[in-house]
Amino acid sequence: MMVKDWQKLPIVQVTLFKIIGSLFIFIIIIVILFGENYWEKETFKENYQLVLTASNLQTKLNSYILDIENIEQNPNLTEQQKKAKIKTLIQPLLQSNNADITAFGYYDVGLDFHVVSKEPIIAQIQSKLGNGNEFYHYTWNDSKNKDFVVSYPLYAGERIVGYSWAYADSTHNLFQSTFTISEFTIFALGLVLIIIILLQRYMTKIRLTLDQFSQMITSNDYGQIQMLSKLPELKPVIDKIFSFTEELKYVNHELELSQQKITQIIEGVSDGVFALDRSYRFLYLNHKAIKQASHEQHDLLGAKIQDIFPQIEDSLTLSKLEEAMAQNNATHWEDEALSGPDQCYEYHAYPFTEGLTVFFRDITESKHHQQELIRLERLNLIGQLAAGISHEIRNPLTTVKGFLQFLGARKQYESEKEYMDLMVSEIDRANSIITDFLSLAKVNSDNIRLKNINEIIGKVFPLLQADAYNNNKELLLELKSLPEIMLNENEIKQLILNLVRNGLEATPERGKVIIRTYCQEDKIVLEIQDQGSGIPEKIREKIGTPFFTTKETGTGLGMAISIGIAQRHHALFDFETGGNGTTFKITFNAADGICET
């Protein structure tokens with residue numbers, strides 16, 4: 001744990017700690033080496049003084065050996081008198097100002113007594129006299145020996161008369177040495193402290209400079225590069241970083257431009273585009289997809305598709321998304337819109353590593369166009385059929401009708417006249433159907449003139465009003481002022497007659513059928529509204545299909561003819577139906593006239 005904490009510290013602080021630690025170790029080594037060297041020098045100095053003192057005393061005492069020996073051998077003197085005479089003889093030789101020598105003196109072997117300059121511990125000194133080396137070396141770390149004693153023998157012939165000796169107390173030397181070493185240690189520690197303070201100030205400046213260096217890099221402000229004069233070592237670093245930064249700016253700029261181009265391309269397509277991750281969360285949506293979701297983009301990103309479009313559950317779309325995600329294969333399908341069932345959409349899902357990219361397109365109008373194209377193909381087929389066979393059928397029918405009328409005028413066929421008239425009426429009905437066939441295929445542009453729809457309605461209104469009156473129904477007009485446009489009057493009459501009669505048949509007694517005209521922007525609108533029960537949903541797609549009818553006596557061609565007339569006038573034919581009735585709406589282009597609302 002401590003290693004990890006140490007690694008988390010700033011490099012400047014770590015460097016400072018390392019330097020301080022190194023200095024402390026260096027000072028400890030220096031103090032130990034200095035102490036040991038100093039103690040050896042002091043010990044040598046102490047021993048040298050002892051040797052010098054003992055040697056000088058030995059030289060002086062050698063001239064008194066005969067006197068000392070005569071005193072010791074004088075039988076007339078007692079032992080105490082002998083000691084007193086020897087002490088009186090030697091005492092003047094023991095005067096010294098050497099403060100480093102604790103005591104020195106003469107030891108008489110025969111009388112076993114000392115003549116000393118001071119009063120040391122005689123027993124301690126005597127125990128060291130006569131050492132075989134004649135010199136005792138004391139080491140300061142020896143806990144058993146605390147004194148320095150040097151002794152030299154004095155000979156009378158071959159007999160040792162006594163010893164000259166010098167003694168020093170090591171306590172004084174140890175204290176003096178310790179004091180000196182302590183002074184050195186304090187001086188060294190003070191010096192280290194000063195060095196540490198200077199280092200810390202320098203490291204603080206380095207840290208501040210590095211902080212400015214970091215801020216300069218992060219803020220991309222290279223105007224303060226003169227600060228690197230304090231740390232010229234960073235100049236190559238900043239040059240390299242500046243080079244990399246410029247390259248990175250260029251790459252980022254190119255990347256942004258590329259991203260903008262891709263976004264513009266995706267936003268420019270007419271298709272909706274969105275991307276999902278593997279958890280079916282939105283990664284991207286273009287404006288078409290956002291419009292479908294009816295949410296803000298920041299609310300959509302990261303949201304699940306099931307949360308934004310709850311109706312997708314158990315749908316073909318979700319099943320296909322899961323299939324594409326699982327099999328990692330592109331998938332295409334058609335289904336209702338994500339936002340509701342009123343529209344038909346085409347979907348294309350393309351998997352990638354992180355999820356799916358989905359393109360979708362509204363094909364509702366395309367589907368209608370397809371259905372319209374199929375219906376038109378049927379009309380075209382019927383028109384071609386009508387054009388090809390109508391005349392061939394009409395000619396023999398005309399012949400049959402003529403012979404029936406001729407035979408019906410004879411007296412012998414008066415009893416069969418009823419049957420003759422029935423056959424003639426059926427032939428007329430067949431001719432009527434053939435005429436309708438021909439109108440499907442006929443494109444008559446010779447009779448197109450500038451006409452007003454309201455005037456054409458006025459011409460057929462009495463006939464239609466009579467039909468409504470006979471069936472106990474009411475026909476109403478709601479006509480607005482309209483400009484003249486290019487119309488085939490006869491075809492428009494037939495269109496109005498077909499739609500109004502269909503409306504009257506669907507409307508119950510005492511109901512109303514309304515013929516309405518008005519302007520809508522640059523369009524002219526003709527509406528036929530009834531109050532019937534509406535067109536059942538299952539047959540709405542079949543409206544306009546030739547020969548499809550729900551009437552017992554209908555031919556199934558009236559609506560097909562009406563749609564054909566609208567198309568020849570480049571008008572839009574549409575209807576709205578429900579439980580309250582049906583409204584057929586024919587929208588003409590008023591570009592040739594000025595439509596006033």
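The table for this structure:
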{"item": "Hz values of 3J(HN,Hα) by residue in region 199-209 - Karplus curve (6.51, -1.76, 1.60), Gly and Pro given as x", "result": "4, 5, 4, 5, 5, 4, 4, 4, 5, 4, 5"}
{"item": "Interchain or long-range residues, amide H under 5 Å from Val161's placed H", "result": "Leu154, Tyr155, Ala156"}
{"item": "Extension reserve of the Lys367-Asn70 stretch, reckoned as 0.36 nm per residue once the Cα distance is removed", "result": "91.2 nm"}
{"item": "HN-Hα J in Hz across region 349-360 - Karplus 6.51, -1.76, 1.60, θ = phi - 60°, x for Gly and Pro", "result": "10, 10, x, 9, 4, 8, x, 9, 10, 10, 10, 9"}
{"item": "Exceeding the 30 Å Cα-Cα cut-off - candidates Lys538/Lys585; Lys249/Lys291; Lys45/Lys82; Lys417/Lys512; Lys45/Lys85; Lys401/Lys451", "result": "Lys249/Lys291; Lys45/Lys82; Lys417/Lys512; Lys45/Lys85; Lys401/Lys451"}
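Only the coordinates and a few stated rules stand behind these numbers; no lab work does. All values reported here derive from a predicted model rather than from experimental measurement.
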